[in-house]
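Okay, structure first, notes after.
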Amino acid sequence: MTEKEDYQRQIVEYGRKMLNDRLVRGTSGNLSVIDREKGIIAITPTGSDYDQLSIGQVTLMTMDGERMEGNAPSSEYSMHLGIYHARKDVRAVVHTHSMYATTLAVLGKSIPAIHYMVTMLGGEQIPITPCYELYGTQELADSAVDTLGEKYHAVLLRRHGVIATGASLPEAFRRAAVVEEMAELYYRAVAIGEPELLSVEEVQAVAGKISNYGKMQS
Ligand SMILES: [Zn+2]
């Protein structure tokens, strides 16, 4: 298996995982991984059924959006490209319409620091983009990039879904799953009461622990 095929294989593997873990349904959502040394991006093709997707169908494209191999790319490819151009630390992007996170996104709500795991996503909240933008547009890509900024690893796309990033596809996938877990927790908590949010000091204490140990010890 060549290096390129290995990136395509990762897209097939994590696409199935995304479906099996119920982070997406049907053909919604998409994911990508980049080889920064070669400037090649592997991304889910448009309208792909995750359980039918073969390695050869996975799109390979350049950083300029030029298709090299595979089927036509996901309609959201400009959002993936925009993030790769803006954030050099990002090597994988996962986009889902997971149910609880998207429920909050359609209500226009960000997720506050309800639990220390929120800080694993880069800050004191999981922010939401300021405006609704049509899928597949440059406006949506710009809005996702602006809201991610320099520090966040995940954002809610207003009235749409979730974007999560990582230094690898497993990391971006894990973060997309954490967004959904935090969204479900927030939804359940506000359904029966008012959650006690972490204070600024409590958020900073968790952030310090992450940077000391390099990763979350949960
Ligand atoms: Zn979408």
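Across region 40-46, coupling constants 3J(HN,Hα) worked out from phi with the 6.51/-1.76/1.60 Karplus curve, θ = phi - 60°, read 10, 10, 9, 9, 4, x, 5 Hz, and Gly and Pro carry x. Here r is the Cβ-Cβ distance between Ala72 and Leu197 and R0 is 45 Å; the resulting FRET efficiency, rounded to 0.05, is 0.55. The alpha-carbon atoms of region 3-213, seen along their principal axes, cover 50, 35, 30 angstrom, with the largest extent given first.
Based on DSSP H runs of at least 4 residues, each adding -39500 (n - 2.57), what is the mean residue ellipticity at 222 nm of the chain after dividing by all its residues, to the nearest 500 deg cm²/dmol? Walk me through the numbers on the way to the answer.
On the way: 6 runs with 85 residues, N = 218.
-12500 deg cm²/dmol, from helical runs alone.
Output the relative contact order of region 3-117, whole-number percent, from Cα pairs under 8 angstrom with separation of 6+ residues. All intermediate terms of the calculation are to be shown ahead of the outcome.
Working: 167 pairs, mean separation 29.7, N = 115.
Computed value for region 3-117: 26 percent relative contact order.
On a 0 to 90° scale, report how tilted helix 3-20 is relative to the longest principal axis of the chain, with both axes built from alpha carbons and the result rounded to the nearest 10. Helix 3-20 sits roughly 50 degrees off the main axis of the chain.
Applying both filters, DSSP loop and at most 14 other Cβ atoms within 10 Å, to the GluC sites (Glu not before Pro) of region 1-80 gives Glu37, Glu66. Applied to region 133-146, the Karplus parametrisation 6.51 cos²θ - 1.76 cosθ + 1.60 on θ = phi - 60° returns per-residue 3J(HN,Hα) values of 9, 5, 4, x, 9, 5, 4, 5, 4, 5, 5, 5, 4, 5 Hz, with x for Gly and Pro. Rounded to the nearest whole Hz, the Karplus-based 3J(HN,Hα) values (6.51 cos²θ - 1.76 cosθ + 1.60, θ = phi - 60°) of region 92-106 follow the sequence 7, 9, 10, 10, 10, 10, 4, 4, 5, 5, 6, 4, 5, 4, 6, with x at glycine and proline. If the segment from Leu134 to Asp64 were pulled out straight at 0.36 nm per residue, it would be longer than the present Cα-Cα gap by 23.1 nm. Amide H to amide H, with H built 1.01 Å from N, Ala113 comes under 5 Å of Leu198, counting only residues 5 or more places away or on other chains. Look at the alpha carbon pairs under 8 Å that are at least 6 residues apart: their mean separation over the length of the chain gives a relative contact order of 20 percent.
Please work out how much length the chain gains when fully extended from Ile210 to Ala167, using 0.36 nm per residue of separation minus the C-alpha to C-alpha distance, in nm with one decimal.
Here the segment from Ile210 to Ala167 would lengthen by 13.9 nm.
Placing dummy labels 7 Å off each Cα toward the beta-carbon, the span from Arg174 to Asp6 is 2.0 nm. Database remark: amide H of Gly161 closer than 5 angstrom to no amide H (H placed geometrically; neighbours at sequence offset of 5 or more, or on other chains; Pro and chain starts carry no H).
Readers should treat all values here as calculations from the given coordinates under stated rules, not as data from a laboratory. On a predicted model such as this, the values are computed, not experimentally measured, just so you know. All Cβ positions, even for glycine, are placed from backbone atoms using ideal geometry, and neighbour counts span all protein chains on display.
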